[in-house]
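In what follows, a structure is listed as structure tokens, so that the remarks can point back to it.
The values are calculated or read from the model by the stated rules, or taken from the named source; none is laboratory data. Owing to the predicted nature of the structure, the values given are computational and were not obtained by experimental measurement. Every residue, glycine among them, receives a Cβ derived from its backbone with ideal geometry; neighbour counts consider all protein chains shown.
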Amino acid sequence: MYLALYRKYRPTRFADVAGQQAITETLRRQVAEGKTAHSYLFTGSRGTGKTTCAKILAKAVNCPNAKDGEPCLECDICKGIDNGTLLDVVEMDAASNNGVDQVRLLKEEAVYTPAQSRYRVYIIDEVHMMSVAAFNALLKIMEEPPAHVKFILATTEVHKVPATILSRCQRFDFKRIQPEDIAGRLGYIAGQEQAVLDPDAAFLLAKLADGGMRDAVSMLDQCLTVDSHVTTQLVTEITGITGSDYLFSITGQILAGDKGGLLKQVDALYRSSKDLTRFLMELVQHLRSLMLLKADPGCESLLVCSAQELEQYRAQAAQTSLPFLLRGITVLQQALDSMATSPDKKLWVEMALLKLSDAKLEDSSQALLQRLDALERQVAQLAQTGVRVSAAPEVAARETTPAPEPVSEKPAPKAPEVSPEKEREATLSPPAEQAVQAQLPVDPLLEEPPAAPPEFAPPPEDSGEIPP
């Protein structure tokens with residue numbers, strides 16, 4: 001019977017696990033020194049080796065011929081764990097066995113001593129899927145388990161695991177595997193299968209796997225079913241991606257402002273049944289790589305690409321600007337958000353590419369900054385070629401300014417003449433009168449009392465007449 005490659009080449013020792021050296025070395029030393037914990041929690045993204053390390057740890061603590069913390073792989077216990085026939089090692093899927101009844105059954109079985117091995121090991125995968133009642137039932141036995149019981153919990157969403165469970169476990173965070181490690185492992189598997197794997201194709205598979213070894217090996221298995229010689233073209237055809245050459249080409253059309261060519265490219269993708277959402281995601285990653293090189297040329301280590309693609313990235317990054325790349329990523333991300341709820345995905349792709357090809361089609365602040373940056377680069381290029389760029393002379397401004405209308409020669413009407421004595425009297429008499437009034441004493445009896453407020457005014461006299 002055919003066995004999938006990711007199962008056929010699953011690591012069986014700590015030394016075979018790729019990309020998790022710190023974790024595997026810690027576990028190996030614990031086994032070698034006899035200081036293993038009663039509960040472990042392995043967390044990380046998919047395909048990083050959580051379940052694999054759990055099985056290796058179960059073999060290492062039970063193998064009678066373990067050496068330096070590594071299982072021998074030859075005894076009946078090691079073979080039984082690899083085949084899944086050893087009853088003392090139980091692998092439980094919490095996604096389908098997440099009820100409290102399953103946990104109660106587990107607690108009843110854990111009391112009994114193991115039949116063949118030294119420890120009874122429970123590997124609970126996807127533990128975050130367990131119910132609240134199941135977690136509560138698991139608390140007590142995890143806090144004070146029998147001496148012959150060990151728990152290994154694995155999850156991709158550790159934030160869903162209660163803190164009371166986390167505090168009872170030794171936690172190990174599995175990181176995403178580096179593309180170099182994935183490419184090396186793929187090359188080893190291809191060699192064992194008598195196949196040829198191009199280095200560029202290996203890096204492309206590692207890039208698509210996003211740090212997951214299982215996904216990379218599965219895609220390699222899919223490619224090997226078509227041809228024993230795996231190339232980048234074969235990987236793009238099998239996985240349904242557009243490929244780096246296509247991304248460089250369409251980015252060049254965006255920089256050139258070729259709107260017609262962009263629309264034809266989108267139509268060709270649509271007619272070939274390509275996933276437009278995935279295409280935009282690939283284009284976002286392509287612009288991100290250009291952004292990293294434009295921001296700092298020393299960020300080459302952050303790019304997942306071959307040496308040939310790196311030279312292409314450098315050449316294209318020299319033709320772009322950082323404001324353009326930032327605006328491009330923003331526009332594409334907005335298009336991806338809109339495509340999630342729109343029935344016409346092709347329309348959003350066309351609109352996004354047209355906006356990128358011409359900054360005048362968008363009135364955002366980033367588009368204005370891009371236009372300003374383009375003008376500054378044009379001025380700098382003209383200055384390098386020797387063309388003098390200066391403001392318009394002042395003389396030209398004077399010549400183009402219309403002459404003012406002539407002032408009318410008709411004299412303005414004169415004001416009436418006033419004699420100096422009358423002007424002095426009109427100016428000085430009011431202050432003089434005020435000064436005299438301020439010096440005269442005021443008789444309090446002659447001073448009129450202030451008027452009463454309106455609310456205290458006396459009512460009008462009754463005239464006897466009936467109001468209308």
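Looking at (1) in a strand (DSSP E or B); (2) closer than 17 Å to Tyr9 by Cα, which is the only condition Thr43 fails?
(2)
Somewhere in the stretch 314-322, is a residue at negative phi and buried (at least 19 other Cβ atoms within 10 Å of the Cβ)? Lay out the reasoning, then the answer.
Filtering the stretch 314-322 for residues at negative phi gives 314-322.
Going one step further and asking which of them are buried (at least 19 other Cβ atoms within 10 Å of the Cβ), we end up with 316-317.
Yes, some residue in the stretch 314-322 is at negative phi and buried (at least 19 other Cβ atoms within 10 Å of the Cβ).
Just checking, which of Ala15, Ala94, Ala54 is touching a helix residue (DSSP H, G or I) at 6+ places or on another chain (Cβ under 8 Å) and within 26 Å of Ser131 (Cβ to Cβ)?
Residue meeting the stated conditions: Ala94.
Could you say which residue among Val226, Val217, Val266 is of a type in the set (Val, Ile, Thr) and part of a loop (DSSP other than H, G, I, E, B)?
Val226
Go through the stretch 80-94 and report how many residues are loosely packed, with under 14 Cβ neighbours inside 10 Å and in a helix (DSSP H, G or I).
Going through the stretch 80-94 one residue at a time, the tally reaches 1.
Somewhere in the stretch 62-83, is a residue in contact with a Gly (Cβ under 9 Å, 6 or more places away or on another chain) and modelled with pLDDT of 90 or more?
no
Taking the condition of being out of contact with any helix residue (DSSP H, G or I) (no Cβ under 6 Å at 6 or more places or on another chain) and closer than 15 Å to Met142 by Cβ, how many residues in the stretch 27-46 meet it?
4
Mind listing whichever residues of the stretch 18-46 are among the aliphatic types (A, V, I, L, M) and under 33 Å from the mean Cα position of the chain (by Cα)?
Ala18, Ala22, Ile23, Leu27, Leu41
Look through Asp221, Asp227 and report the one residue that is more than 19 Å from Lys345 (Cα to Cα), acidic (Asp, Glu), surrounded by 14 or more Cβ atoms within 10 Å (Cβ to Cβ) and in contact with a helix residue (DSSP H, G or I) (Cβ under 9 Å, 6 or more places away or on another chain).
After ruling out the rest, the residue left standing is Asp221.
Looking at the stretch 5-20, can you tell me whether even one residue there is surrounded by 18 or more Cβ atoms within 10 Å (Cβ to Cβ), modelled with pLDDT of 90 or more, over 25 Å from Ile182 (Cα atoms) and not assigned by TED's automatic domain parsing to the domain that holds Arg185?
No, the stretch 5-20 contains no residue that is surrounded by 18 or more Cβ atoms within 10 Å (Cβ to Cβ), modelled with pLDDT of 90 or more, over 25 Å from Ile182 (Cα atoms) and not assigned by TED's automatic domain parsing to the domain that holds Arg185.
Please pick out the residue among Gln316, Gln253, Gln233 that is in contact (Cβ under 8 Å) with a residue 60 or more places away in the chain, in a helix (DSSP H, G or I) and out of contact with any Phe, Trp or Tyr (no Cβ under 9 Å at 6 or more places or on another chain).
Every option except Gln253 fails the conditions.
Listed residues Asn97, Asn136; which is under 38 Å from the mean Cα position of the chain (by Cα) and assigned to a loop (DSSP other than H, G, I, E, B)?
Asn97
With respect to Arg7, is the statement that it is more than 29 Å from the chain's Cα centre (by Cα) and either acidic (Asp, Glu) or under 19 Å from Met219 (Cβ atoms) (or both) true? Quick ask: steps written out before the conclusion?
On the way: more than 29 Å from the chain's Cα centre (by Cα): yes; either acidic (Asp, Glu) or under 19 Å from Met219 (Cβ atoms) (or both): yes.
Judged against the criteria, Arg7 is a match.
Scan the stretch 269-277 and tell me whether some residue there is within 24 Å of the chain's Cα centre (by Cα), in a helix (DSSP H, G or I) and not hydroxyl-bearing (Ser, Thr, Tyr).
yes
List the pairs whose first member sits in the stretch 1-14 and is in contact (Cβ under 8 Å) with a residue 24 or more places away in the chain, whose second member is part of a loop (DSSP other than H, G, I, E, B) and surrounded by fewer than 18 Cβ atoms within 10 Å (Cβ to Cβ), and whose Cβ atoms are under 8 Å apart, counting only residues at least 6 apart or on separate chains?
Pairs that qualify, where the first residue is in contact (Cβ under 8 Å) with a residue 24 or more places away in the chain and the partner is part of a loop (DSSP other than H, G, I, E, B) and surrounded by fewer than 18 Cβ atoms within 10 Å (Cβ to Cβ), are Leu5/Glu193; Thr12/Leu73; Arg13/Leu73.
Of all residues in the stretch 46-69, which are crowded, with 21+ Cβ neighbours inside 10 Å, touching a residue at least 24 places away in the same chain (Cβ under 8 Å) and not in a helix (DSSP H, G or I)?
Listed by number, the residues that qualify are Gly47, Thr48, Gly49, Gly69.
Taking the condition within 24 Å of Gln312 (Cα to Cα), under 24 Å from the mean Cα position of the chain (by Cα) and at pLDDT 90 or above, does Thr251 pass?
Considered against the rule, which asks whether it is within 24 Å of Gln312 (Cα to Cα), under 24 Å from the mean Cα position of the chain (by Cα) and at pLDDT 90 or above, Thr251 comes out as yes.
Given the criteria surrounded by 16 or more Cβ atoms within 10 Å (Cβ to Cβ) and at pLDDT below 95, does Leu204 qualify? Outline the logic, then answer.
Values: surrounded by 16 or more Cβ atoms within 10 Å (Cβ to Cβ): yes; at pLDDT below 95: yes.
For Leu204, the condition - surrounded by 16 or more Cβ atoms within 10 Å (Cβ to Cβ) and at pLDDT below 95 - is met.
Kindly establish whether Leu186 is in the same structural domain as Arg46 (by TED's automatic domain parsing), surrounded by 14 or more Cβ atoms within 10 Å (Cβ to Cβ), not in a loop (DSSP other than H, G, I, E, B) and not aromatic (Phe, Trp, Tyr). Before the answer, list the steps.
Values: in the same structural domain as Arg46 (by TED's automatic domain parsing): no; surrounded by 14 or more Cβ atoms within 10 Å (Cβ to Cβ): yes; not in a loop (DSSP other than H, G, I, E, B): yes; not aromatic (Phe, Trp, Tyr): yes.
Answer is no for this residue.
Kindly indicate whether any position in the stretch 157-166 is surrounded by fewer than 20 Cβ atoms within 10 Å (Cβ to Cβ), outside the structural domain of Met213 (by TED's automatic domain parsing) and under 22 Å from Thr26 (Cα atoms).
The answer is yes, given that some residue of the stretch 157-166 is surrounded by fewer than 20 Cβ atoms within 10 Å (Cβ to Cβ), outside the structural domain of Met213 (by TED's automatic domain parsing) and under 22 Å from Thr26 (Cα atoms).
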